[in-house]
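The structure is given below, and queries will be raised subsequently.
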Amino acid sequence: MSFHIVVCIKSVITEAPDKRVIRTPEKCGMNPFDRPALETALGIKEKTGGTVTALSMGPAVAASALYEAMSMGIDRGVLLSDPCFAGSDTLATSNVLVAAIKKLAPCDLILFGTRTSDSDTGQVGPQTSVQLGLPLVTCAHSIEYTDSGLLVERRADDFLEKFQVSLPAVLTIHPSSVQPRDASLSGIETAFEKKEFETWDMAALDLSSDQVGDPGSPTKVLSMKRVKRDRKCEFVDGSAGEQVDALVNRLLEAGLIG
Amino acid sequence: MDTLYSEKNRVLRRSVRSFCEREIMPIAKDIDQEARFPWEVVEKMGKLGYFGIQVPKKLSGAGMDSVNYTIVIEEISRVCAGLGLCVTVHNSMAIYPIMGFGTGEQKQKWVPSLARGEKIGAFCLTEPNAGSDATAIEATAIRNGDHYVVNANKVFVTNGGVADICIIFVRTDPDAGRKGTSVIVAERGTPGFVVGDIEDLSGMRSNPVSSIRLYDCKVPVENLLGREGSGLKIGLQALDVGRIGIGAQAVGIAQAALEEAVKYANQRRQFGVPIAKHQAIQMMIADMATQVDSARLMVTRAAYLKDHGKPFTKATAMAKLHAGEVSSQVADMAVQIHGGYGYSKSYPVERYYRDARVTRIYEGTAEIHRMVIAREVLNEYK
């Protein structure tokens, strides 16, 4: 068995923006939730052979995530980049990823992180699987191979669910399922020596402008601002016993205990 | 400052920082207090290539340039200066002389295992009566057929307690003065090779700094680096390169001190507000940030010059001198901002304060560096 595994990764903003998202090379890096997906893919490749391709949609600065993935040891990186992709919501993003995955076919396994550290929707993996018509298991915690496909354990809250899944399939990988490897220094050196990631634009993906960017996005971000958390300090009066009662009542009322 | 770096520099810094914060930061305080060399982490660093940063890939290294080298050293030193010291001395002072002056056979023999971190290297120049005056060394290597008989008493050897491969400065011709100095490679385990007690140092305590003594130690003639008499040339070139690493190490300590000071200034409240609101603290923070940036720029420039084959002796001496002094000043201000807590081992700035001090002493004292810089400048404007 030799898999072609596609891992969809994102270059996220590493510093919280204010009002407007400005992507600069210094403030971008690979989504930390994508690392376990890459590790899972590289682990499978080491056991069974095959190839690992990483896909990332974004402007040119998003290449840093691909370089990080290449430093970890993937075989091929593809940047999906076109000015028309700007402003894509999760659905428009999955339109682009679906087109790229079809172009990369045949693929046995398509992996995602469970969510991203910047926009945090967790929707792109599931949307992509629906559009591809492939089975999906989210929060995959362990993977076993059988003759008929995969046995996947899904971890949700304090439960482990076990699924049998036929291939090809889409999985989102639970962040605590594996310890992602560190890039070795020679891995980093090699990644930048090769510089071999490809860039596919809208035309290369055979997409039209109404499927991507603003026109392809049913949701729009209208504004963004920081939430201010107000803290206030109250003093409880009375004897020690009265203070305890008052505090317990206050916590009960707030629904924090009981 | 960030914008001066390439994408590769940034990916490297993120990657090394992530490793260091996960693997080294949690144990940094303990290994300092216990004066323990953390083999478990060193092994992982070896597998990631930290012990052969600039060694070509064909000799099991990572093949990186000097600018990237400074990034790795700075990031390790930001969490643990003692390990930063281990890595920079190993790379610059043990591997570099072999790469720069060794024969093809010598490189094949020693470099791959050093680059993989399977063996640790050390540089043995200092003696009880020879520090800044390197020409005063008393160690001897007297040729006897196919080997030298070496007698040496080397002190303050960084990595001494764990080193397998040692670059040893000796006199092969005791009557020839400075021209009689040579470099031989001695391996731990050779009869007569003795590792002394680990020094109980003020800082850099995770590094097993020790004396190394050779008593009638027979070292094969093929272990001579370069020619007989070329010892001082090898030593000075290695120190030129090594100082870039010590500069980067000093920047790492200063960066850590700055970050801790800012964090504490935002948390600690006095007179009803975080102390960061007080102008006296702001003045210190501004000076610290400016100092750290200037030191990093100078260290990066020295590395850049080396990478581009330009003369770098003056730039390196200036960078090491400035970074060492910045490191001491910034750590001192970080302690001051912490007040009484900064003088306690409960906060890491106390460790940074101790670690920073030696960067003005080793790999050439600040005073020797001023002599080097003055000589270069006086020649330049003559």
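The values are calculated or read from the model by the stated rules, or taken from the named source; none is laboratory data. Bear in mind that the values here come from a model prediction, so they are computed numbers and not experimental data. Glycine also receives a Cβ, built like all others from the backbone with ideal geometry; neighbour counts cover every protein chain displayed.
Test of understanding: among B:142, B:167, which residue is in contact with a Pro (Cβ under 8 Å, 6 or more places away or on another chain), hydrophobic (A, V, I, L, M, F, W, C), at pLDDT 95 or above and in a strand (DSSP E or B)?
B:167
Looking only at residues that are outside any strand (DSSP E or B) and among the small types (Gly, Ala, Ser) in segment A:61-85, which one is surrounded by the most Cβ atoms within 10 Å (Cβ to Cβ)? Walk me through it before giving the result.
Just the residues of segment A:61-85 that are outside any strand (DSSP E or B), to begin with: A:61-75, A:81-85.
Still in the running and among the small types (Gly, Ala, Ser): A:62-65, A:69, A:71, A:73, A:81.
Numbers: A:62: 20, A:63: 23, A:64: 22, A:65: 25, A:69: 29, A:71: 25, A:73: 19, A:81: 21.
The selected residue is A:69.
Within segment A:91-127, how many residues are farther than 19 Å from residue A:171 by Cβ, in contact with a Leu (Cβ under 6 Å, 6 or more places away or on another chain) and surrounded by fewer than 23 Cβ atoms within 10 Å (Cβ to Cβ)?
Total meeting the criteria: 1.
Quick check: is even one residue across segment B:35-53 more than 10 Å from chain A (Cβ to nearest Cβ), part of a helix (DSSP H, G or I), in contact with an Asp or Glu (Cβ under 6 Å, 6 or more places away or on another chain) and more than 16 Å from residue A:189 (Cα to Cα)?
Looking through segment B:35-53, at least one residue is more than 10 Å from chain A (Cβ to nearest Cβ), part of a helix (DSSP H, G or I), in contact with an Asp or Glu (Cβ under 6 Å, 6 or more places away or on another chain) and more than 16 Å from residue A:189 (Cα to Cα).
For segment B:89-106, indicate whether the set of residues that are among the hydroxyl-bearing types (Ser, Thr, Tyr), modelled with pLDDT of 95 or more and not in a helix (DSSP H, G or I) is non-empty.
Yes, that holds for at least one residue.
Hey, does segment A:115-124 have a residue that's not in a loop (DSSP other than H, G, I, E, B) and not hydroxyl-bearing (Ser, Thr, Tyr)?
Yes.
Here is a follow-up. When only residues in segment A:177-213 that are hydroxyl-bearing (Ser, Thr, Tyr) and more than 14 Å from every other protein chain (Cβ to nearest Cβ) count, which is nearest to residue B:50 (Cα to Cα)?
Filtering segment A:177-213 for residues that are hydroxyl-bearing (Ser, Thr, Tyr) and more than 14 Å from every other protein chain (Cβ to nearest Cβ), the one nearest to residue B:50 (Cα to Cα) comes out as A:177.
Separate question: Is it the case that segment B:115-136 has a residue that's out of contact with any Asp or Glu (no Cβ under 9 Å at 6 or more places or on another chain), in contact (Cβ under 8 Å) with a residue 40 or more places away in the chain, surrounded by 24 or more Cβ atoms within 10 Å (Cβ to Cβ) and assigned to a helix (DSSP H, G or I)?
yes
Turning to a different aspect of this structure: Take the residues of segment A:53-109 that are closer than 14 Å to residue A:198 by Cα and basic (Lys, Arg): which is nearest to the other protein chains (Cβ to nearest Cβ)?
Here the answer is A:76.
Provide a single number: the residues in segment B:6-34 that are within 8 Å of chain A (Cβ to nearest Cβ) and small (Gly, Ala, Ser).
2
Where residues in segment B:137-188 are crowded, with 21+ Cβ neighbours inside 10 Å and of a type in the set (Phe, Trp, Tyr), which of them is farthest from residue B:217 (Cα to Cα)?
B:169
If you don't mind, another one. Looking at segment B:349-380 only, could you name the residues that are in a loop (DSSP other than H, G, I, E, B) and surrounded by 22 or more Cβ atoms within 10 Å (Cβ to Cβ)? It would help to see each step written out before you state the result.
From segment B:349-380, those in a loop (DSSP other than H, G, I, E, B) are B:361-365; that's our starting set.
Residues satisfying the conditions are B:363, B:364.
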